[in-house]
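Single-structure report; data block below.
Every number in this text was worked out from the coordinates using simple rules, so none of it is lab data. No experiment lies behind these values; they were computed from the predicted model shown. Ideal geometry is used to build each Cβ from the backbone, glycine not excepted, and the neighbour counts take in all protein chains shown.
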Amino acid sequence: MTDSHIPVTQIPTESVVTCSTCAACCCQLEVMLITDTGVPERYIDTDEWGGEVMLRLDDGWCAALDRNTMMCTIYEKRPLICREFETGEADCLNERQGIATAYR
């Protein structure tokens, strides 16, 4: 008699986020510059309250985002908040979910 038990494999509900599967959802968020990381001046804007923020272009995306690769062009000098917003963590997954529902 053969064993008819088929092992159950749990399929992940969220795909793993890597550089190649990142949708750069966080690059549509307002990014306040609270520390000096060396962000080039051409990517800095001033918000309505006088605070420094990352410049966003007319399409709503961060000016430092390469639209072809969807990768940061100033990664080594990115703002502190971008460094703390970790790929694949809860905040990242929440933003991805928000983008996914916005385009349905």
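Nearest 0.05, what FRET efficiency do Glu76 and Asp47 give at R0 = 22 Å with Cβ-Cβ as r? Don't skip to the answer; put the middle values down first.
Numbers: r = 25 Å, r/R0 = 1.11.
FRET efficiency, Glu76 to Asp47: 0.35.
If we count every other residue with Cβ under 13 angstrom of Pro40's Cβ, Lys/Arg +1 and Asp/Glu -1, where does the sum land?
Numbers: positive: Arg42, Lys77, Arg78; negative: Asp36, Glu41, Asp45, Glu52, Glu76.
Cβ neighbours under 13 Å give a net charge of -2.
Contact order normalised by length for the stretch 26-102, with contacts defined as Cα pairs under 8 Å and 6 or more residues apart; what percent is it? Walk me through the intermediate numbers first.
Values: 80 pairs, mean separation 24.5, N = 77.
It rounds to 32 percent for the stretch 26-102.
Might you report the magnitude of the Cβ-based charge dipole of the stretch 26-102 about its Cα centre, with Lys and Arg at +1 and Asp and Glu at -1, to the nearest 20 debye?
260
In whole Hz, what ³J(HN,Hα) sequence does the stretch 39-47 give by Karplus (6.51, -1.76, 1.60; θ = phi - 60°), x for Gly and Pro?
Values per residue, Gly and Pro as x: 4, x, 3, 5, 9, 9, 10, 10, 7 Hz.
Using the scaling law 2.2 N^0.38 Å as the reference, what is the normalised Cα Rg of the stretch 26-102? Can you show the working numbers first?
On the way: Rg = 12.4 Å, N = 77, 2.2 N^0.38 = 11.5 Å.
My calculation over the Cα atoms of the stretch 26-102 gives 1.09.
State, to one decimal in nm, how far the label point of Val16 lies from the label point of Leu57, with both points 7 Å from Cα in the Cβ direction.
Inter-label distance under the simple model: 3.2 nm.
Stretch Thr69-Glu84 to full length: gain in nm at 0.36 nm per residue minus the Cα-Cα span?
Details: separation 15, 0.36 × 15 = 5.40 nm, distance 2.14 nm.
Extra length available between Thr69 and Glu84 comes to 3.3 nm.
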